[in-house]
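The values are calculated or read from the model by the stated rules, or taken from the named source; none is laboratory data. Predicted model, so just to flag it, every value in this text is computed and none were measured. FYI the Cβ positions are ideal-geometry reconstructions off the backbone, even for glycines, and counts take in every protein chain you see.
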Amino acid sequence: MKTTFIVSLSLCLLAMTAAMAVAESLPAGIMRSNGIPAPALQLDNLDGEAYDLEASQGHWRFVHFWASWCGPCRKEMPGIERMVSALGDSPLEIVLVNTAETEDEVFTFLGIVAPDLLPLMDTDGQVTEAWQPRGLPATYLVDPSGHIQYQALGGREWEKPAYLEFLRGLGIPESQSD
Amino acid sequence: MRIRMQYLIAVQSWCGALLGTLLATSACGIDQPYPGPYVENEDMLMVLMPHSPEQIAAFYEARGFPKAALDLISKACFVTVHIENKSQRVIWMETATWHLSSDKQPLQRLGKDHWDTRWNKIDLPQANRATFGWTQLPVQRDLQPEEPVGRNIVLDGTIRKFNLEARFLTGRDKRGGMLEVRFQDIDCPKEAPRQ
């Protein structure tokens, strides 16, 4: 009986330590969310093609809200383009949402700082409003079933190894991620 | 609950005032690291950046705001507030608890209701409303460790100077003590600074 208790206690402590290690391994500024369902996101991109987040379930999504007038967004965007390039054929889907700007504004800005990125256009800002980000820029990581599992606080240097490693590891079972 | 009060004072004409307090954190105009009056210690950084009517109107004009909106915006005093949680605990920004004053009279922040009423009157497009909204400091924010927030508060444009006393509770449960920051005699510029 006593042995069983000690083994159970040890296993429990081991599990707690492992859980803490996972929590501590998050890159700076990445916060766990509580798995709430992602709000609807149906928008056209800059080329006029329709996108629906719900229809793209089955893999992780990097959902990023930004505007060209926002200083931290301007600073972060080139790093996002480098991140996209570094992730190569990763199954992570990159979803960039411009908040309430015109096509001209977006085209002019991205043409200079990140010409390979193709954002969705939230022309009246209503989709952004529904997601209720803490501010701009805002990034959410949505799991394959459509639930928000992480969010980033403010702008991040996504092209840095810590973030790339974290993003590459999404969806990989912990036993395989060592 | 044991409350740790921490007073930090910043003033725009700060050199003389700083002589009287050991806890103040600011600079005297030499090698100013931020573009406005600021308070900084190991827990947080708070910077105020008042804008002239020309500066703020130019910003919104470049975002396609119509003249009727620019006229209203130009009559107000816009101050960009940057706050950064430098600690490893949660810092609660709750602007309803801030005390703004001018000439010893309480001063109200011109908040969402104020602007919604005016935007309705001029039928401001939704995109402009969204942009304006995202440039306004939220009413409440649980600033996580190392999280910054930087947006505007708007005041009555007729004032020339104002004071701000801001209190911040700390800790996830708001029981970690209080930080208090004071800014005194902050200008609401009436003209763009000379180059």
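Observations on the model:
- Flag if B:HIS99 is surrounded by fewer than 18 Cβ atoms within 10 Å (Cβ to Cβ), out of contact with any helix residue (DSSP H, G or I) (no Cβ under 6 Å at 6 or more places or on another chain), closer than 16 Å to B:ALA166 by Cβ and not small (Gly, Ala, Ser): yes
- Meets criteria (under 21 Å from B:PRO37 (Cα atoms) and in a strand (DSSP E or B)) for B:LEU169: no
- Any hit, segment A:60-68, residues being of a type outside the set (A, V, I, L, M, F, W, C), over 24 Å from B:THR135 (Cα atoms) and more than 14 Å from chain B (Cβ to nearest Cβ): yes
- Condition met for B:PHE168 (at pLDDT 95 or above, in contact with a Phe, Trp or Tyr (Cβ under 9 Å, 6 or more places away or on another chain) and closer than 15 Å to B:SER87 by Cβ): yes
- Answer residue from segment A:118-130, given it is surrounded by fewer than 19 Cβ atoms within 10 Å (Cβ to Cβ) and among the hydrophobic types (A, V, I, L, M, F, W, C) and is farthest from the other protein chains (Cβ to nearest Cβ) among those: A:LEU118
- Within segment A:104-117, being within 14 Å of chain B (Cβ to nearest Cβ) and either surrounded by 14 or more Cβ atoms within 10 Å (Cβ to Cβ) or aliphatic (A, V, I, L, M) (or both) holds for A:GLU105, A:VAL106, A:PHE109.
- Of the strands (runs of 3 or more DSSP E) lying entirely inside segment B:57-166, those carrying at least 3 residues that are within 14 Å of chain A (Cβ to nearest Cβ) and closer than 25 Å to A:GLU101 by Cα are B:77-85, B:148-155.
- Exclusive hit being more than 14 Å from chain B (Cβ to nearest Cβ), surrounded by fewer than 19 Cβ atoms within 10 Å (Cβ to Cβ) and among the basic types (Lys, Arg), set A:ARG134, A:ARG82: A:ARG82
- Out of A:ARG168, A:ARG156, sole residue that is surrounded by 18 or more Cβ atoms within 10 Å (Cβ to Cβ) and among the basic types (Lys, Arg): A:ARG156
- Meets criteria (hydroxyl-bearing (Ser, Thr, Tyr), over 23 Å from A:ALA138 (Cβ atoms) and touching a Lys or Arg at 6+ places or on another chain (Cβ under 8 Å)) for B:THR170: yes
- Residues that are of a type outside the set (Lys, Arg) and over 23 Å from B:GLY150 (Cβ atoms), drawn from segment A:53-81: A:LEU53, A:GLU54, A:ALA55, A:SER56, A:GLN57, A:GLY58, A:HIS59, A:TRP60, A:PHE62, A:GLU81
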